[in-house]
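Data block below; observations after.
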Amino acid sequence: MSTRTWLLAAGVFSLGACQSATAPGETLSPADAQFLAEALDLGGSGVLDGLFLSGGPAAAPASVPGSSTTTITFERTRTCQEGGTLVVAGSLTRVWDGEAESYDVEGSGTKTRTDCAFARGDVVITVDGSGEWTHERHYVHREPAGVWVTTWVGSFDWAKSTGESGSCSYDLTRTVDTAANSVTLVGSFCGNVVDRSRTWRDQPAQ
């Protein structure tokens, strides 16, 4: 799933307003909350997906006989859209079954955003905070298989260039069903219930 595709998916995950814990009465608008939730998910998912691209440290091994279990640790830093950084760190345990040609990965770690800024129209929203993640994915014959689950749990402070500020927490589960070609995001974001789904990947033209 390309970054452009994710950004064009705006409006899919409809979220309510984020209530501010530091300044009662100030909120993120529903549109701001929707935009920010997608931006935060995009950043973390993009880093994890990058580890599995061809040649990446978590890419599936060549189709060779035998089985193996290995663990890698990593830390990746990404520059946010309008400045600041996202740091995703953790470990991945990889299990290769040479006979079945299956590849299963489970991992967990942390993510930290420092002065991580996003532009929405003429307004910049800056996020500072940290959280934890878990992730699993599966391949058979080097093709995506089964259900992939990612969890995001954490909190952050936010500030808008228009002067408003506050804090927010989230507990989300992102599930990719490779057979159904769907991705869902469920849980809570800034005190709001999230339960949305969309197509995972564009299908090739027939």
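Tabulated data
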quantity: Residue identified as closer than 26 Å to Thr184 by Cα, touching a Phe, Trp or Tyr at 6+ places or on another chain (Cβ under 9 Å), assigned to a loop (DSSP other than H, G, I, E, B) and touching a residue at least 12 places away in the same chain (Cβ under 8 Å) among Ala60, Ala89; calculated: Ala60
quantity: The range 22-57: number of residues that are more than 30 Å from Glu99 (Cβ to Cβ) and outside any loop (DSSP other than H, G, I, E, B); calculated: 20
quantity: The range 99-137, subset of a type outside the set (D, E, K, R) and outside any strand (DSSP E or B), residue nearest to the chain's Cα centre (by Cα); calculated: Gly121
quantity: Filtered residues of the range 154-183 (kept if farther than 24 Å from Arg120 by Cβ and either buried (at least 20 other Cβ atoms within 10 Å of the Cβ) or within 12 Å of the chain's Cα centre (by Cα) (or both)); calculated: Thr173, Thr175, Val176
quantity: Residues of the range 49-76 that turn out to be out of contact with any helix residue (DSSP H, G or I) (no Cβ under 9 Å at 6 or more places or on another chain) and closer than 30 Å to Thr126 by Cα, as a count; calculated: 7
quantity: Selection count, the range 153-168, where residues are among the polar types (S, T, N, Q), touching a residue at least 60 places away in the same chain (Cβ under 8 Å) and more than 11 Å from Gly129 (Cβ to Cβ); calculated: 1
quantity: Check on Val64, under 25 Å from Arg174 (Cβ atoms) and among the β-branched types (Val, Ile, Thr); calculated: no
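Yes or no, residue by residue, for (1) over 24 Å from Val193 (Cα atoms); (2) surrounded by fewer than 17 Cβ atoms within 10 Å (Cβ to Cβ); (3) at pLDDT 85 or above; (4) of a type in the set (Ser, Thr, Tyr):
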site	(1), (2), (3), (4)
Pro24	no, yes, no, no
Gly43	no, no, yes, no
Ser67	yes, yes, yes, yes
Phe74	yes, no, yes, no
Thr77	yes, yes, yes, yes
Leu86	yes, no, yes, no
Ser91	yes, yes, yes, yes
Arg94	yes, no, yes, no
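The values are calculated or read from the model by the stated rules, or taken from the named source; none is laboratory data. Quick caveat, the model's predicted, so the values are computed rather than measured. Because the Cβ atoms are built from the backbone with ideal geometry, glycine has one as well, and the counts that use them run over all protein chains shown.
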